[in-house]
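I have placed the structure first, in the form of structure tokens, so that the comments after it can refer back to it.
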């Protein structure tokens, strides 16, 4: 639907219609500041936490060839203090104090900064974030230190096959796509130093050219009124410089405030750093002085070295001390061939005209693909067990004039379809592929832009056979031939169906989180008018010419093929990509194959022509029954609501009068109980017997005709042994595989289901339009109950599903060391816990098809070859959303009829309750040094991993840090990174001990940024560092985690224990004002209402899933938090977290990077005292 909004361009207010989803009740306003900056303001009265995103049109395409990664480094560096807020951690610390967080990213032509914060502190957060674009310090020492953090990020990515393949695809093409986007110590430190370049000068110069108002779009989402948001945003960002040029004032072209839309004229404006307007030609020094005068009084020490640099920053940018090459590169930034961040084609009809956009040359991206760079086959040797073919077609700059009909969506709908007769369905039927996905690869939406579009095929072992590659490529072009051969009337009919599906998804999409909305809007503002930024997914109208143009590029000579497999012989992959080191080989696609595939779309199907070559090589062509998909069985969709939506949303924040609570700027109440009336009440138990309990809650407050249905099939027969767990997982895969053609059609209408095996049974989640979900539930349960998953289906697909599961676990073994460290902590503590490598992979090799058939039959009480015994089963279910009580009861009865659950005995129920080992006290470990560890009887760990206790001096003050040290086998020795997960186990949390959980939540909130600052920013131990609350089956603790490419795991543990000992002093020095700020933000987090139907359903389901029934836990936590004092937090830290705490129970899991000799752990082995096992009731 469309709603009126206000748009203001350079002082001229124009009414616009924002096209919004049905449930979106927010108010919008768009305006442009005089410096060219574009703003989208969103008033969301129901938001508790505000969000903002600043998206600047500058990315790694703008990096100079000499220093790759410069844009990425600047993304990091602007956070490190500004003239107004000199402290490097001011921005992040401010957000943390007020319940917020932040992040940033650098892409091809964009750099994005975003944050969220409690709405009462939005003004301060905006002002701090705006300094990134006004007066960042960019000090030399800070930048040098930040290079190490960028290098740590690069080191982490070096072990990612996905990142390696992405960089390989780009490196093998032309500039600027082939640039190295991340940067490293070599490109950002060694190279500039060897050439005598000051990196801080280079960054400052780059910042001056790129971070300007004309390149910046900002979105703000908050509960304040639009007028207040406009006042705050304008005040924060008005000092951003207008356009590229000198530091103090810049010239740009805009709409005069008094001009009509037809009478636009140039307006030469000068703008100083402090926001004042000065006349053109006025002395540049005036702007510099005002910027310096704006500094806080206490910043003299910070400016001691910067005064000299400011003189250079103001004048020497014209001739920076960087060398002739640099001067030439920067000189062409404004309008030369490197000006990627300034691109927009003024005569392009695909995008609405935007203000302050000039005309760009059409050959900017002409170097993306050079002659001879297409029609190639790349053989890639990955680190992990990958079997993947990626086909990528190139659509050059200017080839797509109309982005409104989105022809790639039309082609992708057919090529990527998974219903009967589709390419994916036929290749799966032949046992050649596991999955097939289509879509964009690299894409730039600047004007006509350019695009790489393609498909990715995950192969089975059968599909990996050497001669299958040719057959699969022919099959792809067979499918394209079917698509290209469609008649115009068929094309139009397909387009109308795609358009209807897009309209449904947009009209009834769930409410977006404020941060997600802010990020999307800021990016889209660069390319779309404000009224279109929410609805860019819609298809405007069929365009046969655009579709033909798109299809004309999908030919063999215009594509590259990337074939990743560990089966490639080393001789076939002799090359290494420059930056991430991917091993690969390259060769032209077989000329005969190209000739054959080149006939796709001709009079004869290519498979017929392939027959001669296939016979010559004793190969048979694939027998594919390809055809267009049948009509979507879910259309038309019933969108009727069970009852009309209420006027007041159940998700909104209650605004109390000033007599009930204090008011803040923007008119939003801060009363401590402002959300009490909005807490989700417990759902109604509408059906109960021995085998089934069903809860129901109607919710149409958002006007969405959707429902969420959860089923928890509780049974001990899933997790009682590693064999059963593997059988259950294979059962889930086979059921999904059998139902995929029907379920895929529902997925196109945003309705689907998921199924997983857990330690308490099987868990289903159905979600989507009510009418479709009810059919999906019946379809799945009928398949389970009526033996539709019968022998033929299982036998024909079992080996493929078994191999998929094996590959998934083998890929997991190549995860980052930090993932493994946390996993091994859980594995050591939980009873039972089946280890992927030691338990599940061996069991997988022993499972037979009949095991799955018998297990599935017993689950629903059907007789099987194994006997007539039924699996002990009880079902918990929840129906939430657009579903009446009567329909909920009816669905519960259907579930009971299909599954026939008999219930669980008290003894069997107790087996489902997970158990967790209690760590010994640190004092007990210290008293038992130099004794041998023996596995505890309750542990099922048989991997031979060492568990030891260490007692060493971690600091110069001889702080003793005894704890258990677990050094499991490194499952991925090729990964050179080391990692540590250090856990301080506390005890039972919610629902048993709410206050313990509250103290941990509050401590983590207070310690988060100090931990990050100490371990990453100051000590530069690794890119990934921080602290978290660790929860394992309701047993809670405080954990510190680090992954490092430069430090050993032993060193990382020493640094963690040292910081834990030292932080106690900082914690005790927290002021009462700061402490109350942390409490307030945590209270708002507890009391924040659900933001969407999905969130509300998940909150209601969580207590049922966890068997704890604590729907009021958020309210209980808020009430407990209100009574917590700083002294209690410090005492809690002294007892449980400090390395020498009287109740400290610590476990450190060390993953040593590379091939590790156990002796390097340097740990004394001791006997473990008796370990308590928690049995949760």
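Values in this text are rule-based calculations from the coordinates and carry no lab data. This is a predicted model, so every value here is computed, not measured. Virtual Cβ from ideal backbone geometry, glycine too; neighbours counted across all protein chains shown.
For the peptides 233-241, 1116-1124, residues were scored by their other Cβ atoms within 10 Å and the scores averaged per peptide; the highest-first order is 233-241, 1116-1124.
Taking 0.36 nm per residue of sequence separation and removing the Cα-Cα distance, the residue 578/residue 1065 pair yields an extension gain of 170.6 nm. Assuming R0 = 22 Å, what is the FRET efficiency of residue 736 and residue 429, from their Cβ-Cβ distance, to the nearest 0.05? Result of the calculation: an efficiency of 0.90. Residue-normalised convex hull volume from the C-alpha trace of region 684-912: 146 Å³ per residue.
Modelled spin-label separation between residue 465 and residue 440, with each label point placed 7 Å from Cα along the Cα-to-Cβ direction: 3.9 nm. Go ahead and run the numbers for FRET between residue 458 and residue 141, Cβ-Cβ distance against an R0 of 45 Å, rounding to 0.05. So the FRET efficiency works out to roughly 0.40.
A convex hull fitted to the Cα coordinates of region 773-845 yields 158 cubic angstrom per residue.
Extension gain for residue 902 to residue 505 (0.36 nm times residue separation, less C-alpha to C-alpha distance): 138.9 nm.
The stretch between residue 756 and residue 862 holds 36.0 nm of extra length on full extension. This uses 0.36 nm per residue minus the Cα-Cα distance. In terms of the mean number of neighbouring beta-carbon atoms within 10 Å, the peptides 1013-1021, 836-844, 122-130 order highest first as 122-130, 1013-1021, 836-844. With contacts taken as Cα pairs under 8 Å at a separation of at least 6 residues, region 684-912 carries a relative contact order of 38 percent.
Judged by the mean number of other Cβ atoms found within 10 Å, the most tightly packed of the peptides 1063-1071, 700-708 leads the ranking 700-708, 1063-1071. Here the spin labels are modelled as points 7 Å beyond Cα on the Cα-Cβ line, and at residue 924 and residue 190 they lie 5.0 nm apart. With the simple spin-label model, which puts each label point 7 Å out from Cα in the Cβ direction, the residue 689 to residue 976 separation comes to 6.5 nm. I need the shape label for region 1080-1130. Rule: rounded when a/c is under 1.5, else prolate if a/b > b/c, else oblate, with a, b, c from the alpha carbon gyration tensor. Taking the square roots of the gyration eigenvalues as a ≥ b ≥ c, region 1080-1130 is oblate.
Look at where the Cα atoms of region 21-36 and of region 741-787 average out, and the two centres are 38 Å apart. Each of 879, 774 was scored by other Cβ atoms within 10 Å of its Cβ. Arranged with the fewest first, they read 774, 879.
Given a Förster distance of 22 angstrom, what is the FRET efficiency for residue 720 paired with residue 779, based on the Cβ-Cβ distance and rounded to 0.05? FRET efficiency, residue 720 to residue 779: 0.15.
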